1. Which residues, counting only those in the range 90-102, are crowded, with 19+ Cβ neighbours inside 10 Å and modelled with pLDDT of 95 or more?
2. Quick one: residue 44 ticks every box in (1) over 19 Å from residue 157 (Cβ atoms); (2) in a strand (DSSP E or B) bar one, so which box is it?
3. Check off (1) surrounded by 16 or more Cβ atoms within 10 Å (Cβ to Cβ); (2) closer than 20 Å to residue 72 by Cβ; (3) touching a helix residue (DSSP H, G or I) at 6+ places or on another chain (Cβ under 8 Å) for residue 132 and give me the number that stays unchecked.
4. Take residue 72 and tell me if it is without any contact (Cβ under 8 Å) to a residue 60 or more places away in the chain and in contact with a helix residue (DSSP H, G or I) (Cβ under 6 Å, 6 or more places away or on another chain).
5. Any chance you could count how many residues in the range 100-153 are under 25 Å from the mean Cα position of the chain (by Cα) and free of Cβ contacts under 8 Å to residues at least 24 places away in the same chain?
6. All but one of (1) in a loop (DSSP other than H, G, I, E, B); (2) in contact (Cβ under 8 Å) with a residue 60 or more places away in the chain; (3) within 23 Å of residue 54 (Cβ to Cβ) hold for residue 78; state the number of the condition that does not hold.
7. Look through 74, 54, 86, 66 and report the one residue that is at pLDDT below 95, surrounded by 14 or more Cβ atoms within 10 Å (Cβ to Cβ) and touching a strand residue (DSSP E or B) at 6+ places or on another chain (Cβ under 8 Å).
């Protein structure tokens, strides 16, 4: 046996050992759970994910609320918020009504996750701020309608679907919990 042949055998043996190690790690991952794998989500990434589900249109008693430009906010006391721009409008041409007012709102809550229903939770949801750009009878009327709709339709906790964002799609079937550590939203995953 020459030195050249020996080098080829050693090289192939190393390649075989590497291939075997990869195969074992893949099969081990497929048969054992990886409990507690966590994925941090920054405020910027959360804003990007939220942007995919906006704009949102909500029906009011008389009129509509059109929400745009979401910004996720990491707040104190375990709360996460989202600030949006909105347009409240009531267009009923046959009644001679054409009202449009704009403003900003911030809502917040304590994030969580219900693994049984695969829903994102927002505990203790509340409107932190709701400000129209102008103050007049129309904005006061819209404010009453928004507060009435919030009281009638928002439960504690507020439940939402996992956003269909490309970052979330590979994770959605393996989410075990969602928490907030003061700096990031933390998704804990379990793979089987």
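The values are calculated or read from the model by the stated rules, or taken from the named source; none is laboratory data. This is a predicted model, so every value here is computed, not measured. Cβ: placed from backbone, ideal geometry, glycine included. Neighbour counts: every protein chain shown.
1. The initial filter retains those residues of the range 90-102 that are crowded, with 19+ Cβ neighbours inside 10 Å, namely 90, 101.
Residue satisfying the conditions is 101 alone.
2. For residue 44, the failing item is (2).
3. (2)
4. Numbers: without any contact (Cβ under 8 Å) to a residue 60 or more places away in the chain: yes; in contact with a helix residue (DSSP H, G or I) (Cβ under 6 Å, 6 or more places away or on another chain): yes.
Judged against the criteria, residue 72 is a match.
5. 8
6. Condition (3) is where residue 78 drops out.
7. 54
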